[in-house]
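Inspection log for the structure reproduced underneath, given as structure tokens.
Values in this text are rule-based calculations from the coordinates and carry no lab data. Small disclaimer: the values here were computed from a predicted structure and weren't measured. In this analysis, Cβ positions are derived from the backbone assuming ideal geometry, glycine residues included, and neighbour counts consider all displayed protein chains.
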Amino acid sequence: MGRPVVHRSPMPGLGLSMGITFTMLSIVVLLPIGALLLQGVSYGAEGIWATVNRERVWKALYLSFRLSFYAAVFNLIFGVILAWVLARYRFPGHRILDAAVDLPFALPTAVAGIALTALYAPNGFFGASWTHTIAPVLNAGLAWPEAALNLLVTGLGFEPWSLQVPPRIAYSTMGIFIALVFVGLPFVARTVQPVIHEIEREVEEASATLGASRLHTLRHVVWPMLLPAALTGFALSLARAVGEYGSVIFIAGNKPLVTEIAPLLIVIQLEEFSYDGAAAIGIAMLVISFAMLLVINLIQVWSRRRIGYV
């Protein structure tokens with residue numbers, strides 16, 4: 001038997017390119033994470049738990065990850081719709097809208113926070129209308145449904161629920177949610193948009209020719225093709241929201257146990273020269289983020305196998 005034929009790449013420098021890749025990956029990603037873990041190891045498991053196991057830290061972690069998840073879900077839904085509109089339709093102002101999607105990428109987060117605060121603060125352009133007109137009307141309309149719901153809920157032995165909207169947008173959890181949606185929306189739209197461009201219109205027309213309804217075509221033909229890209233955009237949006245700091249601190253109000261986010265606690269620890277405390281909170285965020293992204297990646301693998309992607 002002859003020697004096996006080795007097919008070499010026409011592009012030179014495999015070893016060099018791999019070396020550069022691993023070197024830069026180590027410098028940019030692995031070394032900082034390793035330094036954080038090393039700082040945590042020097043602090044000790046008991047020290048990390050003592051720092052994290054406080055009401056203020058738990059509240060901040062819960063607020064950050066809960067609102068980040070809500071914002072990522074909202075961006076997943078609205079981002080897919082936005083990407084579909086930009087990819088499939090042409091209308092006056094299309095280029096302006098397409099360029100506006102990238103503004104959160106280019107805009108400094110501090111500038112975004114100031115702009116959002118100026119808009120949604122109680123004396124802002126929209127915030128004043130919300131505080132003095134919109135919120136009171138909504139809360140008055142929700143009073144009877146809230147009473148009926150709580151009558152049922154308390155009868156079942158649960159705590160009463162509140163359907164009331166916040167009296168103001170800025171300096172509340174709603175303001176944080178809006179800021180996280182603002183910074184995360186482009187990740188979903190820009191991830192899904194190229195995939196929509198690749199879907200031939202003939203696929204949808206063939207489905208319609210075979211008698212499928214529009215809803216059936218969307219659910220069983222188009223959406224499976226978009227799902228891997230949509231999940232990628234969701235993961236990117238979630239990761240950006242979890243670590244967001246600049247745009248949130250201006251609109252959050254930073255009230256302990258209410259509107260204080262986890263990244264702010266890390267900054268506070270650093271300002272107090274408590275590097276071990278900052279590392280402990282950072283490790284907690286790293287572990288939770290890794291677990292969430294692992295679940296998302298497993299769902300991505302499942303979705304790709306389901307639709308026949310390798």
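Remark: region 25-90 is approximated by an ellipsoid whose semi-axes, taken from the C-alpha gyration tensor as √(5λ), come to 38, 21, 5 Å, largest first. Determine the sum of side-chain charges near Asp102: Lys and Arg each +1, Asp and Glu each -1, restricted to other residues whose C-beta is under 13 angstrom from that of Asp102. Result for the local shell: +1.
What number, in percent, do you get for the relative contact order of the chain if the mean sequence gap of Cα pairs under 8 Å and at least 6 apart is divided by its residue count? Write out the running numbers ahead of the final one.
Working: 328 pairs, mean separation 90.1, N = 310.
Rounded, it is 29 percent for the chain.
Considered as an equivalent ellipsoid built on the Cα gyration tensor, the chain has semi-axes of 38, 33, 21 Å, the largest given first.
Apply the a/c threshold of 1.5 to the C-alpha gyration tensor of region 149-244 and tell me whether it is rounded, prolate or oblate. Oblate.
Provide Tyr245, Tyr43 in ascending order of the number of other Cβ atoms located within 10 Å of each residue's Cβ, fewest first. Could you put the intermediate results ahead of the total?
Numbers: Tyr245 15, Tyr43 18.
The order, fewest Cβ neighbours first, is Tyr245, Tyr43.
Could you tell me whether region 249-310 comes out rounded, prolate or oblate from its Cα gyration tensor? Rule is a ≥ b ≥ c as square roots of the eigenvalues, rounded for a/c under 1.5, then prolate if a/b exceeds b/c, otherwise oblate. It comes out prolate by the Cα gyration axes.
What ranking do 178-188, 25-35 get when scored by the average of other Cβ atoms within 10 Å per residue, highest first? Each step should come with its number before you reach the end.
Working: 178-188: 25.0, 25-35: 10.9.
Peptide ranking by packing, descending: 178-188, 25-35.
Overall, the chain carries a charge dipole of about 720 debye about its Cα centre when +1 sits on the Cβ of Lys and Arg and -1 on the Cβ of Asp and Glu, all other atoms neutral.
Would you please name the GluC sites (Glu not before Pro) within region 139-228 that are DSSP coil residues with at most 12 other C-beta atoms within 10 Å of their C-beta? Intermediate results must be reported in sequence, preceding the final value.
Working: sites: Glu146, Glu198, Glu200, Glu202, Glu204, Glu205; in loops: Glu200.
Those that pass, being in a loop and sparsely packed, are Glu200.
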